[in-house]
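Since the structure comes first, as structure tokens, the remarks are kept for the end.
Since every read-out is calculated from the coordinates, none of them should be taken as a lab result. Here the structure is a predicted model, which means the values were calculated and not measured. Because the Cβ atoms are built from the backbone with ideal geometry, glycine has one as well, and the counts that use them run over all protein chains shown.
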């Protein structure tokens, strides 16, 4: 190497065309990127190991035990079909082109009814939580309604409204609204009074204080109420679809389950139960779990979960 090359390399101009400062900055940025990439890969492996692998292994275990029980003839094969028979029932629905329409009929009713229940239960929960006389009058009623089985509302809703979608939505609202309201009440009760006083000191009075102080502070309890409200919505809808039957209602998951029961088609019955379970869990995993993680992360509580 010539003396000119040595001087150029030492000065940094050959390695860093834009000057030594820019070159060092680019080098530092590259090192930071490498350091950031490792935790991301480690986090992906951790998520795969802690959240994906356990449910998959649990599912494989359940199917294996199910197949073992069928192979050992622990029950009548007409009452305990093999997993392959349930899979065959699923492929029949797929081949007929009715699988997604059945799921969508129930999913649309459940989600739209839940949204209306949120719109009713949220202001109702705020009123009960913040106004003493209202709590004394309505609080026990909400607790009683929450403990009442949703299926008990189906006969009354059919008599009141007929066998139509209105009866379905009425059962959903009566099942979900008390849970949402009670969840918000519990969240408001857990808000430290200091938060409210600090908000008033900063000018957050009335509706502004509810929006900027009370609701954000009560969000964990409110979110728990929303999750329970969705569970009640889904259960209420399945109860209504099982009991109420009309061509105008179409075929949802509950009606499909009841139809297979009438035909004594046990693989179809198990398929209906599995589809109801899968849809309910999917809504929780796709919507409520990410929302819950976001809330916990914003409060620095995610590491504790």
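In whole Å and largest first, what semi-axes does the C-alpha gyration tensor of region 83-304 yield when each eigenvalue is scaled by 5 and square-rooted? Mind dumping the intermediate values first?
On the way: eigenvalues 296, 88, 30 Å².
Equivalent-ellipsoid dimensions as semi-axes: 39, 21, 12 Å.
Quick one: plug the Kirkwood hydrodynamic radius of region 189-298 (C-alpha pairs) into Stokes-Einstein at 10 °C, 1.306 mPa s, and report D in µm²/s.
93
Would you mind putting 67-75, 106-114 in packing order, based on average other-beta-carbon counts within 10 Å, highest first?
Details: 67-75: 11.0, 106-114: 20.6.
Packing proxy ranking, top to bottom: 106-114, 67-75.
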